[in-house]
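Student: Can you read through this structure? Questions will come right after.
The values are calculated or read from the model by the stated rules, or taken from the named source; none is laboratory data. This is a predicted model, so every value here is computed, not measured. Here the Cβ positions follow ideal geometry from the backbone for every residue, glycine too, while neighbour counts run over all protein chains shown. Surface accessibility is based on the protein's heavy atoms, side chains included, excluding ligands, DNA and RNA. Shrake-Rupley method; radii C 1.70, N 1.55, O 1.52, S 1.80 Å.
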Amino acid sequence: NAGVTQTPKFQVLKTGQSMTLQCAQDMNHNSMYWYRQDPGMGLRLIYYSASEGTTDKGEVPNGYNVSRLNKREFSLRLESAAPSQTSVYFCASSDLLGPEAFFGQGTRLTVV
Amino acid sequence: AQSVTQLGSHVSVSEGALVLLRCNYSSSVPPYLFWYVQYPNQGLQLLLKYTTGATLVKGINGFEAEFKKSETSFHLTKPSAHMSDAAEYFCAVSGRDDKIIFGKGTRLHILP
């Protein structure tokens, strides 16, 4: 049982490059999340998807786009990376029956 | 909308002493409340959760928390700290059918 799987685990980008962070869950959860974690800031919600086909902005959506491809997969895209987007990114999923969030292991992104 | 305030970004306790990590929340609907722990370079692991029912919730590793609606608090306690408890702890809140919002975290240091 893999739970929530994120790829890649590490990435270095140059300013202006684009990339997509992938996330998949095998728990049949309806809700999926993308958070970023920065020192002293906790986890801040970037985007949220309550179900397949729906997405909502979180606290810090600027500079990001998301796609809920199907119930399992929720990707996060940086169209033009900036140094301010250097962070650790976590994907999570949850379900009303839980309702706690289950987390992936994170992606450490550095933008130079 | 929901929000979380964690009092104290760093807390130090002696091994064997009481651990108390404070969390206050704001929610316009009856909340779900969570405590997560994060060890260095790892993802987040659920310690305990409150959904409905008993207001004193027991979690893993000897931790417990009490939901106090009148005080809008959900403080985390452990009677006797162990060196292995050194980690960062996050309080989180959600409404039903809603996204999960995290606090900024409290780093717990255990003094020998």
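Student: Cross-link candidates for residue B:68: which lysines have Cα within less than 18 Å, leaving aside residues fewer than 8 places away along the same chain?
Tutor: Candidates past the 8-residue exclusion: B:49, B:58, B:78.
Student: Can you pull the percent of the protein assembly as shown's accessible area that's carbon plus sulfur, 1.4 Å probe, other chains left in place?
Tutor: Here carbon and sulfur together make up 51 percent of the probe-accessible area.
Student: Follow-up question, since we're still on this one. Report the B-A buried area as the accessible area lost on both sides summed, probe 1.4 Å, in Å² to the nearest 100.
Tutor: Summing both sides, the interface buries roughly 1700 Å².
Student: Just the accessible area per residue of the protein assembly as shown, please: how many Å² with a 1.4 Å probe?
Tutor: Numbers: 10450 Å² over 224 residues.
Per residue, the protein assembly as shown has 47 Å² of solvent-accessible surface.
Student: Let me ask another. Based on the Cα coordinates of the protein assembly as shown, what is the per residue volume of their convex hull in Å³?
Tutor: Dividing the Cα hull volume of the protein assembly as shown by its residue count gives 118 Å³.
Student: Counting only trypsin sites (Lys or Arg not before Pro) that sit in a DSSP loop (anything but H, G, I, E, B) with at most 12 other Cβ atoms within 10 Å, what is the longest stretch of chain B containing none of them?
Tutor: With trypsin sites (Lys or Arg not before Pro) excluded where exposed in loops, chain B gives B:1-68 as its longest stretch.
Student: Suppose accessible area is computed on protein heavy atoms with a 1.4 Å probe; arrange B:109, B:82 from highest to lowest.
Tutor: B:82, B:109
Student: Separation between the residue A:18 and residue A:84 pseudo-spin-labels, each 7 Å from Cα along Cα→Cβ, expressed in nm?
Tutor: Result: 2.0 nm between the two label points.
Student: OK, next. Calculate, in nm to one decimal, what residue A:26 and residue A:65 gain on full extension: separation in residues at 0.36 nm each, minus their alpha carbon distance.
Tutor: 11.8 nm
Student: Once Lys and Arg get +1 and Asp and Glu get -1 on their Cβ, which of B:86, B:3, B:102 lies farthest toward the positive end of the dipole of chain B?
Tutor: Most positive-ward Cα: B:3.
Student: In chain A, what % of DSSP beta bridges are antiparallel (nearest 5)?
Tutor: So the antiparallel bridges in chain A amount to around 90 percent.
Student: In the range B:1-87, which GluC sites (Glu not before Pro) fall in coil by DSSP and have 14 or fewer other Cβ atoms within 10 Å?
Tutor: Hits after loop and neighbour filter: B:15, B:71.
Student: While we're here: Please give the contour-minus-distance gain from residue B:39 to residue B:12: 0.36 nm per residue of separation, less the Cα-Cα distance, rounded to one decimal in nm.
Tutor: The residue B:39-residue B:12 span can extend by a further 8.1 nm.
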